[in-house]
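Reading through the structure tokens given below for one structure.
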Amino acid sequence: MDYKWRVRRIALAALVVIGGIGTGCAQTPPDNSAAAAPVAQTTAAPAVQDEQVTMQALAASQPTALTPDEAKQNAAGNVAELQQMLRGSDLSELRTTYNGSYGASLLFYGKEMTYYVTLFQNKTFWRVIKTSDETRAEAIYRDFAQKSAQLAEVEIRRTRLEAQKAFTNRMIALTQDHANRLQADLAIAREQQALVADQQKQGRDQANTLQAQKAAAQAQLRTVQRQVRELQQQVEGGLPVR
């Protein structure tokens with residue numbers, strides 16, 4: 001029995017080192033997960049690869065060491081226990097930090113003076129540490145809050161880049177629409193300018209024609225007036241002048 005307990009404790013320690021509490025459960029991952037990981041990384045998008053690398057690096061870093069009592073409690077299933085307790089109203093939320101979809105919470109169960117410190121993603125528990133030591137609970141919470149900030153760096157960067165890309169695409173569309181409008185206005189202006197130029201030419205041609213017609217009419221008028229004077233003189237020829 002003691003041998004089985006030691007094996008169980010060693011397995012638990014291995015889970016803690018690799019961040020073995022998966023999203024929403026405390027089961028160990030399949031044995032072929034390590035072999036599948038490189039394939040997922042080679043087919044994932046660059047931002048997802050960065051996030052996976054970050055999570056693996058944090059999991060491989062020195063986690064918060066568990067005391068023997070905490071290890072026993074963790075082996076009993078702190079995640080399931082906390083999920084069950086959250087259905088009631090006995091837990092008090094003392095602190096919560098959000099970084100992107102990651103976060104850390106410090107919860108307090110007053111009836112037993114017990115603290116639950118959680119690291120979660122998308123409100124799904126990743127790690128849950130149960131302790132009755134207030135100082136230790138605060139230290140673990142700060143550690144988890146820092147881990148959530150580190151895990152969220154790639155996600156936050158990706159979110160900002162996606163927003164910048166969408167904003168740039170929107171600005172491209174708006175600028176292109178403005179360019180299209182200007183191009184349409186320019187085409188209309190050129191068409192109108194050609195029309196006005198044609199009208200101006202026709203107006204000048206008509207003015208020149210009218211000017212020539214006016215000059216011819218004035219010359220004809222002078223000729224007729226001269227003829228009238230000559231006829232008048234002939235009609236009045238020999239008559240006394242007043």
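The values are calculated or read from the model by the stated rules, or taken from the named source; none is laboratory data. The structure displayed is predicted, hence computed values, not measured ones. FYI the Cβ positions are ideal-geometry reconstructions off the backbone, even for glycines, and counts take in every protein chain you see.
Could you grab me the full set of residues in the range 115-150 that are among the β-branched types (Val, Ile, Thr) and either crowded, with 17+ Cβ neighbours inside 10 Å or without any contact (Cβ under 8 Å) to a residue 12 or more places away in the chain (or both)?
Here is the first cut: in the range 115-150, the residues among the β-branched types (Val, Ile, Thr) are 117-118, 124, 128-129, 131, 135, 140.
Of everything in the range 115-150, those that are among the β-branched types (Val, Ile, Thr) and either crowded, with 17+ Cβ neighbours inside 10 Å or without any contact (Cβ under 8 Å) to a residue 12 or more places away in the chain (or both) turn out to be 117, 118, 128, 129, 131, 135, 140.
Is it the case, given these coordinates, that residue 111 is modelled with pLDDT under 95 and surrounded by fewer than 10 Cβ atoms within 10 Å (Cβ to Cβ)?
On the way: modelled with pLDDT under 95: yes; surrounded by fewer than 10 Cβ atoms within 10 Å (Cβ to Cβ): yes.
Answer is yes for this residue.
Does residue 98 meet the test of being in contact with a helix residue (DSSP H, G or I) (Cβ under 6 Å, 6 or more places away or on another chain), at pLDDT 90 or above and aromatic (Phe, Trp, Tyr)? Working first, answer last.
On the way: in contact with a helix residue (DSSP H, G or I) (Cβ under 6 Å, 6 or more places away or on another chain): no; at pLDDT 90 or above: yes; aromatic (Phe, Trp, Tyr): yes.
Judged against the criteria, residue 98 is not a match.
If you check residue 106 against the conditions, is it surrounded by 15 or more Cβ atoms within 10 Å (Cβ to Cβ), outside any helix (DSSP H, G or I) and without any contact (Cβ under 8 Å) to a residue 60 or more places away in the chain?
Values: surrounded by 15 or more Cβ atoms within 10 Å (Cβ to Cβ): yes; outside any helix (DSSP H, G or I): yes; without any contact (Cβ under 8 Å) to a residue 60 or more places away in the chain: yes.
The answer is yes for residue 106.
Any idea which of 213, 193, 176, 234 is loosely packed, with under 10 Cβ neighbours inside 10 Å and either farther than 30 Å from residue 119 by Cα or among the hydroxyl-bearing types (Ser, Thr, Tyr) (or both)?
Details: 213 fails: loosely packed, with under 10 Cβ neighbours inside 10 Å; 193 fails: loosely packed, with under 10 Cβ neighbours inside 10 Å; 176 fails: loosely packed, with under 10 Cβ neighbours inside 10 Å.
When all the criteria are applied, what remains is 234.
Touching a helix residue (DSSP H, G or I) at 6+ places or on another chain (Cβ under 9 Å), assigned to a loop (DSSP other than H, G, I, E, B), at positive phi and at pLDDT 90 or above - does that describe any residue in the range 125-144?
No, the conditions are met nowhere in the range 125-144.
On the basis of being among the aromatic types (Phe, Trp, Tyr) and farther than 30 Å from residue 93 by Cβ, does residue 144 make the cut? It would help to see each step written out before you state the result.
Working: among the aromatic types (Phe, Trp, Tyr): yes; farther than 30 Å from residue 93 by Cβ: no.
No; evaluated as a whole, the condition is false for this residue.
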